[in-house]
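Just so you know, all these numbers are worked out from the coordinates, no wet-lab data involved. The shown structure was predicted, so the numbers you read here are calculated from the model rather than taken from an experiment. Here the Cβ is made from the backbone with ideal geometry for all residues, glycine too, and neighbour counts use every protein chain on show.
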Amino acid sequence: MFDWITRPDRAIYTLVFAGVWHQSGLIMAIMLAGLRGIDRDIWRVTRIEAIPPWRVYLSIVLPMLRPLLVTCIVLIAIAVVKSYDLVVAMTGGGPGYASDLPGKFVVDFAFERANIGQASAAALSDNTSVARVG
C-alpha cells in the first residue's frame, strides 16, 4: 500500500515531498514575520479606499515582501543543493538509481569509491548521469 520509497517511479517524488515538508516551517515563519512587519496603517488605508484584497496583495504587500521572498528562494535553493542527507536517510539512492542525486553521486565517488578525479569532475559538471561508470 505505502510503497512510495520502494517504487522507482515514486521515490524521487517522496523525497521532494519530504524536503518541502522539512523546509516549510522555516519559510512560513519568515513569511509570517514579514507580513506582521507591514504597518497596520497600510491595511486601514486600503480598507478605507475600498481597494480589493487581491490588488492590495499584488500591488502593495508583494513588493514590500520582495526581500523576504528572495531570502526564501535562496534558502530553498541551498536546501536542494544539500539534499544529500535526505536521500541517504530515506532511500540511500535507491531503489536502483531512482533517487540518486548529483550531491550523493559526488560524495559516493569521493569517499566510498576513493575516486577523487571523477568526483571533482562530477562536482563541476552539469550532467552527472553520463559520468556513471562501474
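Across segment 83-93, rounded Karplus estimates of 3J(HN,Hα) from the backbone phi angles (6.51 cos²θ - 1.76 cosθ + 1.60, θ = phi - 60°) give 7, 3, 5, 5, 5, 5, 5, 8, 10, x, x Hz, Gly and Pro being marked x.
Amide H to amide H, with H built 1.01 Å from N, G94 comes under 5 Å of S99, counting only residues 5 or more places away or on other chains. Residues of segment 79-103 falling in the label zone of D3, defined by backbone nitrogen less than 17 Å from a point 7 Å along Cα to beta-carbon, are 94-99. Over the chain, Cα pairs under 8 Å with separation of 6+ residues give a relative contact order of 27 percent.
Can you put V106, V74 in order of Cβ neighbours within 10 angstrom, beginning with the fewest? It would help to have the intermediate numbers written out before the result.
Details: V106 21, V74 10.
Placing the least packed residue first, the sequence is V74, V106.
Helices that extend 24 Å or more along their long axis by alpha-carbon positions and average at least -1.0 on the Kyte-Doolittle scale are, among the DSSP H runs of the chain, 11-36. Approximating the spin labels as points 7 Å out from Cα along Cα→Cβ, the L68-to-V45 distance works out to 1.9 nm. Cβ crowding within 10 Å ranks M28, M90, M64 as M28, M64, M90, fewest other Cβ atoms first. Modelled label positions at I30 and A114, each set 7 Å beyond Cα in the direction of Cβ, lie 4.1 nm from each other. Reported value for segment 1-114: 136 Å³ per residue, from the convex hull of its C-alpha atoms.
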